[in-house]
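Some notes on the structure that comes next.
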Amino acid sequence: MMRNLTADHVPLQAPTRCRYVVLALVCALSMITYLDRTSLGSAAGSATGQILESMHLKSRSELKWVFLAFSLGYGLFEIPSGWLGDVFGPRATLIRVVLWWSAFVILTGMVGMSFGGWVLGGMGVLVVVQFLFGAGEAGAYPNIARALHNWFPMRQRGITQGVIWMSGRLMGGLTPLVWMLLVSAFHGYWRAAFWCFGGLGGCWCLLFALWFKNRPEEKASVNAAELALIRSGGGNAPPAHGKVPWRAIFSSRNLRLLCVMYACQSYGWYFNVYYLPGYMEDRYPVASRGVDWDTVLAALYKGGPLWLGALGCLLGGILTDAFIRRTGNRKLGRRIFGIIGHSLSTVCFLLCPLAPSAFWFFAVISLSAFTSDLTMGSSWASCQDIGRRYTAIVAGTMNMIGNLGGAAVGWMTGFILELSQDAYASRLGLLRHQLTADQMKAGSLLGYNVCFLLFAAVYLVAVFCWTRLDATQPVTPDA
């Protein structure tokens, strides 16, 4: 039963804290999301190269179509999933997307398996599975944004988004270590790690279905004081309806700026998911001797940008909300931390090719992620600011365009690496396919340096977008 209480009818009582259970549930989902999406990069970048071996590949650059497939599937289905969340509520939508993508994580671990002489697919099947995995995962963060919009007051938008992204980045950074420990526990049977990751999603769906409601008015354990707190500051936007003003939303200058900015952000950031573990393995190899300090440290280095980026997400969310509370200037409060974060990231990318050791590269690439992720609280809080009742649609649109940027880097980085390998092979009087695996690694290093310079250039475009963004202007007047 829905309740509609005004401040005049709120009894004198301490507010309940049900909203924090909601936050804990969606933080757990954010962690599972990153665990699943970074697992393939961990498999491809591990010392034993499990995915490469099973696909009979010499170089990680050959996985560019797989990385492209995930990002395309993820990006193309963002808006439909966001629309479903705005119109029908985030509860059913999130359960659907989690069950779907978890099934395809499990299937990823089955690609290449042999059943009585019959092999379950190869590269083509892996591309299809990753596309469908991405399509299933689409809508997770837009619907998390919608759930937070319904359950938290306006003044906590930045910090809650920061906590959500901190949780995801933290788990993404720990995935190479978790992967290594799980594979070791299963005596090298790496497929079981994918199955474990997929099973976590089903467990989360059960807990979420039992506890979560779309709006706090529907939850009996939310008292009147907490409901009044949640609705303070004008945060009581009604659900969207079937007649969404698509033309007006897509004509919004602010939404276009957010989309271009987020595409640039994703273009640089997705390198950390797709190629960083492999780059660290190629440039700073560690002999595989089981689980020892060197291999643990190498795994932490591979995940460094994500777990240090987690701190950036949290700090950025805190800073943007604190600035707005102190000054009352929402326009500048969202804008300034985007400008600072992406400007500093640009400098870090320029320094990456100059790193003299694994530690210094880890430090610089992690700092680039930290400063870039300072913008995440502002980015997603801006979706709530300008989207209002259409928050999930706006967030889905931004995330869709952003993941097209991620799709671009997944393919483009592989393409640049292959050009670099071609040049290296030409100097040896060979063709690329004639290079050994070690020669492939050596030939890729120049290509990686070109990619870092390209990331810096793209982030300058993101800085420009932040200078023009105005989070006080909604996408439509009636939002």
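The values are calculated or read from the model by the stated rules, or taken from the named source; none is laboratory data. Note that the structure is a prediction, hence the values are computed from the model and not measured. When we count neighbours, we look across all protein chains shown, and the Cβ atoms used for this are built from the backbone with ideal geometry, even at glycine.
Of the residues 249, 159, 230, 164, only one is in contact with a Pro (Cβ under 9 Å, 6 or more places away or on another chain) and surrounded by 19 or more Cβ atoms within 10 Å (Cβ to Cβ); which?
On the way: 249 fails: in contact with a Pro (Cβ under 9 Å, 6 or more places away or on another chain); 159 fails: in contact with a Pro (Cβ under 9 Å, 6 or more places away or on another chain); 164 fails: in contact with a Pro (Cβ under 9 Å, 6 or more places away or on another chain).
Answer to the check: 230.
Restricting the search to segment 1-34, which residues are modelled with pLDDT under 85, outside any helix (DSSP H, G or I) and of a type outside the set (D, E, K, R)?
The first filter runs over segment 1-34 and keeps only residues modelled with pLDDT under 85, leaving 1-13.
Narrowing further to those that are outside any helix (DSSP H, G or I): 1-6, 10-13.
Correct list: 1, 2, 4, 5, 6, 10, 11, 12, 13.
One line per residue, one yes/no per condition, for (1) within 14 Å of residue 459 (Cα to Cα); (2) of a type outside the set (Gly, Ala, Ser):
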| residue | (1), (2) |
| --- | --- |
| 326 | no, yes |
| 329 | no, yes |
| 334 | no, yes |
| 338 | yes, no |
| 345 | yes, no |
| 350 | yes, yes |
| 373 | yes, yes |
| 384 | no, yes |
| 389 | no, yes |
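The residue that is modelled with the lowest pLDDT, counting only those in segment 304-313 that are within 18 Å of residue 27 (Cβ to Cβ) and either surrounded by 24 or more Cβ atoms within 10 Å (Cβ to Cβ) or among the charged types (D, E, K, R) (or both), is 306. Restricting attention to segment 134-173, the residues being at pLDDT 85 or above and polar (S, T, N, Q) number 4.
Quick check on segment 230-241. Is at least one of its residues in a helix (DSSP H, G or I) and either modelled with pLDDT of 90 or more or over 25 Å from residue 99 (Cβ atoms) (or both)? Checked segment 230-241: at least one residue is in a helix (DSSP H, G or I) and either modelled with pLDDT of 90 or more or over 25 Å from residue 99 (Cβ atoms) (or both). Taken as a whole, the structure leaves residue 371 outside the set of residues that are within 30 Å of residue 151 (Cα to Cα), assigned to a helix (DSSP H, G or I), β-branched (Val, Ile, Thr) and out of contact with any Leu (no Cβ under 6 Å at 6 or more places or on another chain).
To keep it simple, each residue is scored yes or no on (1) touching a residue at least 60 places away in the same chain (Cβ under 8 Å); (2) within 22 Å of residue 347 (Cβ to Cβ); (3) of a type in the set (Ser, Thr, Tyr); (4) not in a loop (DSSP other than H, G, I, E, B).
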position	(1), (2), (3), (4)
425	no, no, no, yes
441	yes, no, no, yes
454	no, yes, no, yes
458	yes, yes, no, yes
470	yes, no, no, no
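If I ask for residues that are within 15 Å of residue 131 (Cβ to Cβ) and more than 16 Å from the chain's Cα centre (by Cα), which ones from segment 61-79 would you list?
The first filter runs over segment 61-79 and keeps only residues within 15 Å of residue 131 (Cβ to Cβ), leaving 63-78.
If the condition is that a residue be within 15 Å of residue 131 (Cβ to Cβ) and more than 16 Å from the chain's Cα centre (by Cα), then 63, 64, 65, 66 are the ones that fit.
Among residues of segment 192-221 that are within 22 Å of residue 20 (Cβ to Cβ) and of a type in the set (Gly, Ala, Ser), those with a Cβ under 7 angstrom from a residue that is surrounded by 15 or more Cβ atoms within 10 Å (Cβ to Cβ) and modelled with pLDDT under 90, sequence gap 6+ or separate chain, pair up as 221/16. Just name the residue that is surrounded by the most Cβ atoms within 10 Å (Cβ to Cβ) out of those in segment 337-367 that are at pLDDT 95 or above and of a type in the set (Ser, Thr, Tyr). Going through the qualifying residues, I end up with 345.
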